[in-house]
Amino acid sequence: MDLSNLKPAKGSVKKGKRLGRGQGSTNGGTAARGMNGAKSRSGYSKKIGFEGGQMPLQRVVPKFGFKNINRKEYKGVNIDKLQVLADKHKLTNIDIEVLNKHGLVSKNDLVKILGNGKLTAKLEVKAHAFSKTAKEAIETAGGKAEVI
């Protein structure tokens with residue numbers, strides 16, 4: 001056994017049809033492509049989504065919605081998280097750097113403080129936005145809410 005006498009297994013390799021080689025081959029004339037139409041022509045390839053002339057699905061289904069290019073996406077942080085931070089790390093000032101350091105927000109996030117939970121610590125909080133309830137809760141606890 002060496003490389004000079006390697007052969008594929010018997011019956012595994014079939015010869016392809018020899019199309020368009022005369023009437024006697026049974027594949028002459030139309031070369032097994034049928035009669036007329038786009039599929040019988042050379043160079044044919046149907047467009048993506050083509051449904052035989054029927055209106056394609058991507059044109060039937062309506063477009064909807066709209067993207068506001070001026071939208072500001074805020075990362076929300078609830079005041080109960082601020083309370084946990086203040087208790088755990090003995091903090092009185094909380095800003096974006098502190099929230100980033102403790103993994104609550106990413107570096108470039110716009111931060112909005114939300115009013116879910118209870119706040120008892122007196123905190124000075126700096127963020128990009130505050131909900132009305134969050135601002136009230138911070139100020140009733142004796143703290144300060146400052147918009148950056």
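The values are calculated or read from the model by the stated rules, or taken from the named source; none is laboratory data. As the structure is a prediction and not an experimental result, all values here were calculated from the model. Here the Cβ is made from the backbone with ideal geometry for all residues, glycine too, and neighbour counts use every protein chain on show.
Numbers for the structure displayed
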| read-out | value |
| --- | --- |
| Check on residue 148, in contact with a helix residue (DSSP H, G or I) (Cβ under 8 Å, 6 or more places away or on another chain), surrounded by 10 or more Cβ atoms within 10 Å (Cβ to Cβ) and either farther than 30 Å from residue 20 by Cα or not basic (Lys, Arg) (or both) | yes |
| Conditions (1) at pLDDT below 90; (2) surrounded by 15 or more Cβ atoms within 10 Å (Cβ to Cβ): number failed by residue 90 | (2) |
| Lone unmet requirement of (1) of a type in the set (Val, Ile, Thr); (2) surrounded by 10 or more Cβ atoms within 10 Å (Cβ to Cβ); (3) more than 23 Å from residue 142 (Cβ to Cβ) for residue 61 | (2) |
| Answer residue from the stretch 101-114, given it is within 13 Å of residue 128 (Cβ to Cβ) and surrounded by 12 or more Cβ atoms within 10 Å (Cβ to Cβ) and is modelled with the lowest pLDDT among those | 109 |
| Residue that is nearest to residue 74 (Cα to Cα), among those in the stretch 113-143 that are polar (S, T, N, Q) and in contact with a helix residue (DSSP H, G or I) (Cβ under 7 Å, 6 or more places away or on another chain) | 116 |
